[in-house]
Amino acid sequence: MRTYRDMFRPNYDVATAGVWAGSAMFLTAAQPPLWWVGASFGLALGARRTKDALDLYRFRISLSVLRAEKLPAREVITRSRAQRVPRDSHSGEQGAFWLGSGFLWRQRHAEIAREILSRNPEEICTLPMWLPQSVVRHITPPNAVLLREDAIGVPWIHGMEPTEIPVRLPLDSLPGHTLIVGTTRAGKTRLYELISTQIIDLPASTLFVLDPKGDQDWERRLRSECKRMGRKFLYFHPAHPSKSFRINLLANWGDISEAATRITNLIDAQETFRSFAWKTLYRVMSGMVACGVRPNIKKVKRYVQMGVEPLLEQLLTQRFFAAEGPSWDRDMNQGGAGKPVSRLELMIQKYVLDASNVDESIDGLIAMVKHSKEHYSKMIQVLEPVLEMLGSGELGAMLSPDPEDITDQRPIYDTRKMINERAVVYIALNSLPDNIRGSAIGSAFFADLASVAGEIYNTTGKTDVYIMADESAELTNDQAIQILNKGGGAGFKTFMATQTEADFIVRLGSKEKARQMLGNLNNLICLRVKDYETAKWISESFGQTIARKQTTSYSNTSESSTAFTEFRGSTGRAMEEKEAPFVSPDLLTRLPGLHYFAFLGGSTLYKGRLPLMAD
């Protein structure tokens, strides 16, 4: 049978401890027969009641102070390494990341929280004035700081358990991916700093950080930890092109259709226009590959906007030269009695007459050349803005690098090369001044990562790749969902942070599709949330419990025929049980900064707090 202890009753243990201690003193002074037996018994019970009294006072002072801690990075690494040592060498466990300090959230904590929420603040007893300060200091939980009057959140949520343990995020659970939810200034970036510091401490890992805001503290933390560990740090920022590396986001693909889909997914248009855009991209890229040219966004943009005639002529020239030699064009007659015919038209006629060897790449480009120019310009309007955003100006040079340009000394990378070199890659999307372009860059990076994950899964097996995306709803596309669905098999571990569930609903177009995607995230870390619908959804994911509450009833009665001094009375106690949320949504909206609930590995629920890292 489970015991129930009312933590808000008067502290009767103080008087009881005094009575037992007084009894022991009296027996010691009077010294009746066997007095030492009674005195020992009294002292033992007095000590027990004193401990119970101090535990109750410790609980109450813990409710009223904020738990916070500032740690240097080296101490964070030390604690992390201690958690990464498997607790049982025979279980196959890989150890865990350290997520600060906290406690296992159990049914009794849900009961206490329900009790506090149902009371007025003045009904919660505090410490008595007569308690010595030395005792107060002794029972005050470690790392307790005074609560500012303007502080956000309530400290009693964490104070329900004065004793803390390390919060462990098992490495075994990370391929199931992790969702981080929290409103502005709740501590998402500080949590990312803590986790990314520990990832960098793993020498065989690769880390990709996609940061829409470009948080400078996070960037400095990554640089500092890479310098400490001797790791390669790569920086990409559209607003700082001279400091950034260059990358061809179309360098990795298994099939040309995959590369075309990657750009098409950035288009927000009706399906008819999206299909036409995909077909155009596929034909252009197929022609480039057939000519021996590696596609990039800048080159594709030029052919889409200026026409594919030069590409088609080059491809036909290669074909005829290979079949007939240098004299293949001796019969190319551009004159004649009728209407003048261009050289390209003559080449197309020559190709069409030779039906022995059909080339799909050439067929597609011929179809584009013969297509109505007016209709083509209308249908391609949805594709041109995306190509213009990613293929023009400084950003175009960063995303479509020219290896033959000796004047540009910035390094050129592709995603597979970064993984092979175990690099730490920081990608700032600069979404504050231009959120549309920032979202497009982030989605393109996610698509490239999905392609590489598929290649690794099909060829080399698992690798150790971590992806951390802040404001991840802005970057979500079909390829990001594919990483969540299947990336774990390639060793990809994804952390996605957002403020509300609605961010994904708006991005994906429906609650059902958003829930389907979020269902692929097996670990959930929730800092303070402001949106109550999000709090309800997270509370539902934590499940239900049975919360008990003790009620006391009093009654007295008297009959009219009896004297007023004659009456009957009764006292009754009852234990009420009611189904309640394991974690109430009200708690999720009242968390202090850096405090969180974490449901890890699909089984363990923690209430924790993050340390504030400092150099």
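First measure r as the distance between the Cβ atoms of Gln516 and Arg274, then evaluate 1/(1 + (r/R0)^6) with R0 = 30 Å and state the FRET efficiency to the nearest 0.05.
Details: r = 21 Å, r/R0 = 0.70.
Using R0 = 30 Å, I get an efficiency of 0.90.
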Given [x] -0.48, -0.60, -0.96; [y] -0.37, -0.50, -1.01; [z] -0.65, -0.79, -1.14 as possible values of log10 I(q)/I(0) by the Debye sum over Cα atoms at q = 0.06, 0.07, 0.10 Å⁻¹, the one from the coordinates is [x]
Determine the sum of side-chain charges near Arg220: Lys and Arg each +1, Asp and Glu each -1, restricted to other residues whose C-beta is under 12 angstrom from that of Arg220. -3
Between Leu432 and Asp405, what length in nm is gained on full extension when 0.36 nm per residue of separation is reduced by their alpha carbon distance? 6.6 nm
Check cross-link reach from Lys486 to the aspartates and glutamates: straight Cα distance under 14 Å, and skip same-chain residues fewer than eight apart. Glu455, Asp478
Identify, among Thr415, Pro203, Ala82, the residue whose Cα sits farthest towards the positive end of the charge dipole of the chain, taking +1 on the Cβ of Lys and Arg and -1 on the Cβ of Asp and Glu, with the dipole about the Cα centre. Ala82
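What does the extension gain come out to for Thr557 and Gln381, with contour length at 0.36 nm per residue minus their alpha carbon separation? Write out the running numbers ahead of the final one.
Numbers: separation 176, 0.36 × 176 = 63.36 nm, distance 8.65 nm.
Gain on stretching Thr557 to Gln381: 54.7 nm.
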Which ³J(HN,Hα) values in Hz, rounded to whole numbers, follow from the phi angles of segment 239-250 under the Karplus curve 6.51 cos²θ - 1.76 cosθ + 1.60, where θ = phi - 60° and Gly and Pro get x? 7, 10, x, 5, 9, 9, 7, 10, 8, 9, 6, 10
Taking only C-alpha pairs under 8 Å that are 6+ residues apart, what is the relative contact order of the chain in percent? 23
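Helix-derived [θ] at 222 nm for the chain: sum -39500 (n - 2.57) over DSSP H runs of at least 4, divide by residue count, nearest 500? All intermediate terms of the calculation are to be shown ahead of the outcome.
Working: 24 runs with 279 residues, N = 615.
-14000 deg cm²/dmol, from helical runs alone.
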Under a crude label model (7 Å from the Cα following the beta-carbon direction), how far is Ser342 from Ile412 in nanometres? 3.0
Structure shown: which of Lys513/Lys578; Lys70/Lys213; Lys227/Lys607; Lys279/Lys299; Lys301/Lys350; Lys70/Lys607 lie over 22 Å apart, alpha-carbon to alpha-carbon? Lys513/Lys578; Lys70/Lys213; Lys227/Lys607; Lys301/Lys350
Counting only other residues whose beta carbon sits under 12 Å from that of Ala450, what net charge do I get with K and R as +1, D and E as -1? -2
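For the chain, with every protein chain kept in place, what is the accessible area per residue (1.4 Å probe, Å²)? It would help to have the intermediate numbers written out before the result.
Details: 30280 Å² over 615 residues.
Dividing the accessible area of the chain by its residue count gives 49 Å².
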How far is helix 271-290 tilted off the main Cα axis of the chain, in degrees rounded to 10, range 0 to 90? 60
Sequence neighbours fewer than 8 away in the same chain don't count; with that in mind, list the aspartates and glutamates whose C-alpha is under 12 Å from Lys232. Glu421
Taking all protein chains in place and a 1.4 Å probe, what share, in percent, of the accessible surface of the chain do carbon and sulfur account for? 53
Which whole-number percentage describes the relative contact order of segment 192-341, with Cα contacts under 8 Å and a sequence gap of 6 or more? 13
In whole Å, what are the Cα extents of segment 154-213 along the three principal axes, biggest one first? 39, 29, 21
Placed amide H near Leu234: partners under 5 Å, 5+ positions off or other chain: Val424, Val425, Tyr426
Say R0 is 51 Å: what FRET efficiency, to the nearest 0.05, do Glu388 and Asn143 get from their beta-carbon distance? 0.45
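Between Asp172 and Asp6, what is the FRET efficiency for a Förster distance of 41 Å, r being their Cβ-Cβ separation, to the nearest 0.05?
With a Förster radius of 41 Å, E is 0.55.
The values are calculated or read from the model by the stated rules, or taken from the named source; none is laboratory data. None of the values given here were measured: they were computed from a predicted structure. Backbone-built Cβ (ideal geometry, glycine too); neighbour counts: all protein chains shown. Keep in mind that these areas ignore ligands, DNA and RNA; they rest on the heavy atoms of the full protein, side chains included. Shrake-Rupley method; radii C 1.70, N 1.55, O 1.52, S 1.80 Å.
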